[in-house]
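Each reported figure results from applying straightforward, stated rules to the coordinates on display, with no laboratory input. Owing to the predicted nature of the structure, the values given are computational and were not obtained by experimental measurement. Virtual Cβ from ideal backbone geometry, glycine too; neighbours counted across all protein chains shown.
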Amino acid sequence: MKQYTSDKEAADALYHVYQELTSEISKVIVGQEEVVRLVLTAVFCQGHCLLVGVPGLAKTLLIQTIASSLDMSFNRVQFTPDLMPSDIVGAETLDKDRNFKFVTGPVFANIVLADEINRTPPKTQAALLEAMQEHAVTVAGRRYELPKPFFVLATQNPIEQEGTYPLPEAQLDRFMFNITLGYPSYASELQIVKNTTGAVVNTLNKILHADDILAFQQLVRRVPVVDNVVEYAVKLVHTTRPDMPMASPQANQYLEWGAGPRASQHLIVGAKCNAILNGKYSPDIEDVQAVALPILRHRIVRNFKAEAEGITVEQIINELL
């Protein structure tokens with residue numbers, strides 16, 4: 001891991017590393033620049049991501065590609081209705097000397113891909129969500145620390161509701177970003193088909209190591225923020241809370257619940273990282289706005305009136321911005 005003489009030099013290094021990473025990822029992933037930017041922002045902010053999109057939009061491939069460009073351990077868990085908590089966190093087993101020994105589960109990795117997280121019952125979802133919050137798991141009364149850095153990148157299919165267990169709002173709050181993937185453009189899909197129907201297989205270079213990511217995470221925390229940007233972020237979150245003194249007319253009319261304090265924290269940390277990735281040394285209000293939609297999307301709950309009138313969460317957030 002390289003040592004930097006100042007935070008300014010480290011910020012420049014992170015900016016250049018980000019350019020390298022996006023260039024490497026684009027060898028495999030075509031036309032999802034915004035999604036890649038948000039996932040990498042979450043990585044540098046110590047956050048977790050939920051990717052929502054219909055089948056075939058390369059959600060799983062995207063996460064595997066990002067993991068391939070980072071020199072860290074990676075595990076994938078395919079969530080199913082019969083998956084048990086011990087299948088994720090591990091369990092105690094008897095060894096040949098009849099002593100109990102803890103066998104770690106797939107959650108003991110730097111990057112964990114939770115594929116179709118809404119397909120497993122709440123009991124198993126909760127086991128993963130404890131690991132996300134505590135960066136540790138508890139088995140048979142003993143606490144086991146997870147490797148650092150630790151990220152959960154989960155995927156969810158929004159069109160099938162049969163046989164699924166939607167994540168409650170309180171559990172969705174553990175994810176820093178809720179990222180929706182749309183269909184690729186015509187030009188992007190042409191490129192995807194050309195890239196994936198030939199015999200050439202792209203191999204990715206490892207750009208960053210675990211120690212580098214830990215150092216950059218600390219750097220993001222040290223980025224200075226002026227008071228008016230913090231005030232803007234907190235005020236934005238307060239405007240989402242209906243029947244409160246700072247509530248906006250849209251919130252009072254269309255929202256059942258607003259965002260909590262964790263949204264304010266993520267807005268500032270996300271803005272800090274977004275500023276560095278754009279070559280700046282301190283965030284401004286534009287950086288807060290750049291990360292606001294994926295941070296607030298899963299933290300505000302529409303009321304019946306909004307659903308009846310077809311008002312989407314995205315429309316409400318864009319009006320608040």
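Could you check the simple spin-label distance between Ala187 and Thr312, using points 7 Å along Cα→Cβ, in nm with one decimal?
A separation of 2.3 nm, rounded to one decimal place.
As a check on your grasp of the helix formula, calculate [θ] at 222 nm for the chain: sum -39500 (n - 2.57) over DSSP H runs of n ≥ 4, divide by the residue count, round to the nearest 500. Provide the component values of the computation, followed by the final result.
On the way: 14 runs with 148 residues, N = 321.
Helix contribution divided over all residues of the chain: -14000 deg cm²/dmol.
Enter the Cα centre distance for the pair the stretch 269-283 and the stretch 32-109, rounded to the nearest angstrom.
Here the answer is 27 Å between Cα centres.
Looking at Gln171, Ser86, Leu204, which one has the Cα that reaches farthest to the positive end of the dipole of the chain (charges on Cβ: Lys, Arg +1; Asp, Glu -1)?
Most positive-ward Cα: Ser86.
Name the longest site-free stretch of the chain, where the excluded sites are GluC sites (Glu not before Pro) in a DSSP loop with no more than 10 other beta-carbon atoms within 10 Å.
Within the chain, the longest run free of exposed GluC sites (Glu not before Pro) spans 1-161.
Starting from the exponent 0.38 and prefactor 2.2 Å, build the expected Rg for the stretch 252-313 from its residue count and divide its actual Cα Rg by it.
1.35
Return Arg142, Arg174 ranked ascending by Cβ neighbour count within 10 Å, so the fewest neighbours appear first.
Least to most surrounded, the residues fall as Arg142, Arg174.
So who's got an amide H within less than 5 Å of the one on Ile311, skipping anything under 5 residues away but keeping other chains? H placed 1.01 Å off N, in plane.
Here nothing satisfies the definition.
In a Gaussian network model over the chain where Cα atoms closer than 10 Å are linked, find which of Gln289, Gln64, Gln191 has the largest mean-square fluctuation.
Gln191
Excluding residues fewer than 8 places away in the same chain, name every one of the lysines whose C-alpha is closer than 22 Å to that of Lys305.
Excluding near neighbours in sequence, the set is empty.
Lysines within cross-link reach of Lys8: Cα-Cα under 21 Å, excluding same-chain residues under 8 positions apart?
Cα-Cα hits under 21 Å: Lys272, Lys280.
In the stretch 1-104, which chymotrypsin sites (Phe, Trp or Tyr not before Pro) are in a loop and have at most 15 other Cβ atoms within 10 Å, using DSSP for the loop call?
When the chymotrypsin sites (Phe, Trp or Tyr not before Pro) of the stretch 1-104 are filtered for loop state and at most 15 Cβ neighbours within 10 Å, Tyr4 remain.
Considering only the other residues whose Cβ falls under 15 Å of the Cβ of Leu181, what net charge follows from Lys and Arg at +1 and Asp and Glu at -1?
Values: positive: Arg37, Lys59, Arg297; negative: Glu33, Glu34, Asp115, Glu116, Glu189, Glu314.
Here the count lands on -3.
Straight distance only, please: which lysines reach the Cα of Lys194 with their own Cα at less than 26 Å, same-chain residues fewer than 8 apart left out?
Result set, ordered by chain and number: Lys27, Lys59, Lys206.
Could you tell me the relative contact order of the stretch 7-212? Use alpha-carbon pairs under 8 Å, at least six residues apart, and round to a whole percent.
Working: 315 pairs, mean separation 67.2, N = 206.
It comes to 33 percent, rounded to a whole number.
If you bin the C-alpha pair distances of the stretch 122-246 every 10 Å from 0, what whole percents do you get?
Going out from 0 Å in 10 Å bins, the stretch 122-246 shows 8, 20, 29, 31, 11, 1, 0 percent.
What fraction of the DSSP beta bridges in the stretch 7-212 is antiparallel, stated in percent and rounded to the nearest 5? Don't skip to the end; give the middle numbers.
Working: 9 of 28 bridges.
Roughly 30 percent of the DSSP beta bridges within the stretch 7-212 come out antiparallel.
Using the Cα atoms of the chain to build a convex hull, what is its mean projected area in square nanometres? Please report the intermediate quantities before stating the final value.
Working: hull surface 79.9 nm².
Across all orientations, the chain yields a mean hull projection of 20.0 nm².
Do any chymotrypsin sites (Phe, Trp or Tyr not before Pro) in the stretch 232-317 lie in a loop, going by DSSP, with at most 15 other beta-carbon atoms within 10 Å of their beta carbon, and if so which? Don't skip to the end; give the middle numbers.
Working: sites: Tyr232, Tyr254, Trp257, Tyr281, Phe304; in loops: Tyr281.
In loop regions of the stretch 232-317 (DSSP not H, G, I, E or B), the sparsely surrounded chymotrypsin sites (Phe, Trp or Tyr not before Pro) are Tyr281.
Counting other beta carbons within 10 Å of each Cβ, put Ile25, Ile276, Ile285 in order, fewest first. List each step's numbers first, then the result.
Working: Ile25 22, Ile276 26, Ile285 16.
Fewest to most other Cβ atoms nearby, the residues stand as Ile285, Ile25, Ile276.
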